[in-house]
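The values are calculated or read from the model by the stated rules, or taken from the named source; none is laboratory data. These numbers were taken from a predicted model, which means no experiment stands behind them. Neighbour counts are summed over all protein chains in view; Cβ atoms, including those assigned to glycine, are modelled from backbone coordinates with ideal geometry.
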Amino acid sequence: MLPFLNLFGVAIAFPPLVLIVGIWLGASLSEKHAARYKLSGELIFNLIFSVLVAYIVGGRLSYALQHPSAFSGNLLNLLSRNAGLFDPIGGLLIAAVTAFIFGQRKQLKLWPTLDAVTPALAVLMLAVPLANLASGSAYGAPSNMPWAIQLWGASRHPVQIYEAVGAALILWAVWPGRVRSTAFPGAVFLQFSAYSALARLFFEGFRGSSLAITALDLRAAQLAAWIVLAAVLWLYQSRRSVQEESYGSDG
């Protein structure tokens with residue numbers, strides 16, 4: 001673990017720094033290649049930034065609405081760096097609403113926009129397990145494998161490294177330009193979503209910090225991944241069929 005980075009005598013929280021760098025690199029990559037989808041790079045960068053701010057602010061405000069007693073004594077706690085004072089579900093909902101409003105005002109088409117932001121999502125998916133490795137979060141199950149790491153008093157699967165390697169491979173697979181130029185709008189995003197769901201199905205089995213659904217012998221994250229994968233594959237096939245029919249009618 002490396003929770004803090006000592007830089008010129010100043011202790012800097014390393015996991016958030018990894019996430020910030022990942023978000024910036026991802027947003028820059030999406031901005032650089034937005035023209036592939038006939039979109040403005042500046043517009044895509046602003047979209048990503050707006051959604052990020054909405055997620056952070058929305059998650060904190062959502063938590064405050066649910067737990068007003070935590071902030072009644074001092075409203076400055078709204079600016080606290082305590083990550084526990086945060087509602088991720090609320091943040092995601094507000095971020096989604098922000099993305100919808102932004103897209104409507106800027107008249108962004110859904111599928112090309114999702115393709116354009118996919119590089120940013122892929123880089124973020126790589127940054128998250130690296131941040132978890134630094135903080136010791138999302139740790140692996142106990143293991144006797146030679147490459148096990150010592151964490152929280154036990155030898156464990158370095159699941160964060162597994163996930164980082166998987167995310168790097170997914171990033172390579174959806175790197176701008178790798179998907180065929182004749183593919184339909186949304187193909188890049190849907191492929192990324194399918195790969196990510198498969199990765200979660202596989203790597204979740206090595207985690208020691210998640211719960212299982214005993215009736216189905218599946219963990220909650222694995223069940224969610226199965227649902228996402230099924231929906232993504234259906235959407236992919238549907239959109240590909242529409243594209244092929246469109247080409248056929250044009251011919």
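Looking across the stretch 171-210, the residues that are under 18 Å from residue 38 (Cβ atoms) and of a type in the set (Phe, Trp, Tyr) come down to 184, 189.
With the structure loaded, tell me whether residue 156 is over 25 Å from residue 227 (Cα atoms) and buried (at least 21 other Cβ atoms within 10 Å of the Cβ) or whether it fails that test.
Working: over 25 Å from residue 227 (Cα atoms): yes; buried (at least 21 other Cβ atoms within 10 Å of the Cβ): yes.
Yes, satisfied.
As an exercise: evaluate residue 186 against (1) out of contact with any strand residue (DSSP E or B) (no Cβ under 8 Å at 6 or more places or on another chain); (2) of a type outside the set (Ser, Thr, Tyr); (3) surrounded by fewer than 16 Cβ atoms within 10 Å (Cβ to Cβ) and give the number of the one condition it does not meet. The one condition residue 186 does not meet is (3).
For the stretch 129-144, filtering for residues that are outside any loop (DSSP other than H, G, I, E, B) and either touching a helix residue (DSSP H, G or I) at 6+ places or on another chain (Cβ under 8 Å) or closer than 15 Å to residue 14 by Cβ (or both) leaves 8. When restricted to residues that are more than 26 Å from residue 22 (Cα to Cα) and of a type in the set (S, T, N, Q), the stretch 124-149 contains 2.
Of the residues making up the stretch 106-113, none is free of Cβ contacts under 8 Å to residues at least 40 places away in the same chain and more than 18 Å from residue 31 (Cα to Cα).
Here is a check on your reading of the model: is residue 160 more than 30 Å from residue 238 (Cα to Cα) and not aromatic (Phe, Trp, Tyr)? Outline the logic, then answer.
Details: more than 30 Å from residue 238 (Cα to Cα): yes; not aromatic (Phe, Trp, Tyr): yes.
So residue 160 passes the test.
The residue that is surrounded by the most Cβ atoms within 10 Å (Cβ to Cβ), counting only those in the stretch 10-40 that are in a helix (DSSP H, G or I) and over 20 Å from the mean Cα position of the chain (by Cα), is 37. Residues of the stretch 114-128 include none that is surrounded by fewer than 18 Cβ atoms within 10 Å (Cβ to Cβ) and either part of a helix (DSSP H, G or I) or more than 19 Å from the chain's Cα centre (by Cα) (or both). For first residues located in the stretch 196-224 and part of a helix (DSSP H, G or I), partners that are among the hydroxyl-bearing types (Ser, Thr, Tyr) and at pLDDT 90 or above and lie 6+ apart or on another chain with Cβ distances below 7 Å form the pairs 203/162; 206/162.
Okay, residues lined up against (1) within 30 Å of residue 152 (Cβ to Cβ); (2) acidic (Asp, Glu):
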| residue | (1), (2) |
| --- | --- |
| 164 | yes, no |
| 172 | no, no |
| 176 | no, no |
| 191 | no, no |
| 194 | no, no |
| 199 | yes, no |
| 209 | yes, no |
| 217 | yes, yes |
| 228 | yes, no |
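Of the set (1) surrounded by fewer than 21 Cβ atoms within 10 Å (Cβ to Cβ); (2) more than 14 Å from the chain's Cα centre (by Cα); (3) in a helix (DSSP H, G or I); (4) not charged (D, E, K, R), all apply to residue 168 but (2).
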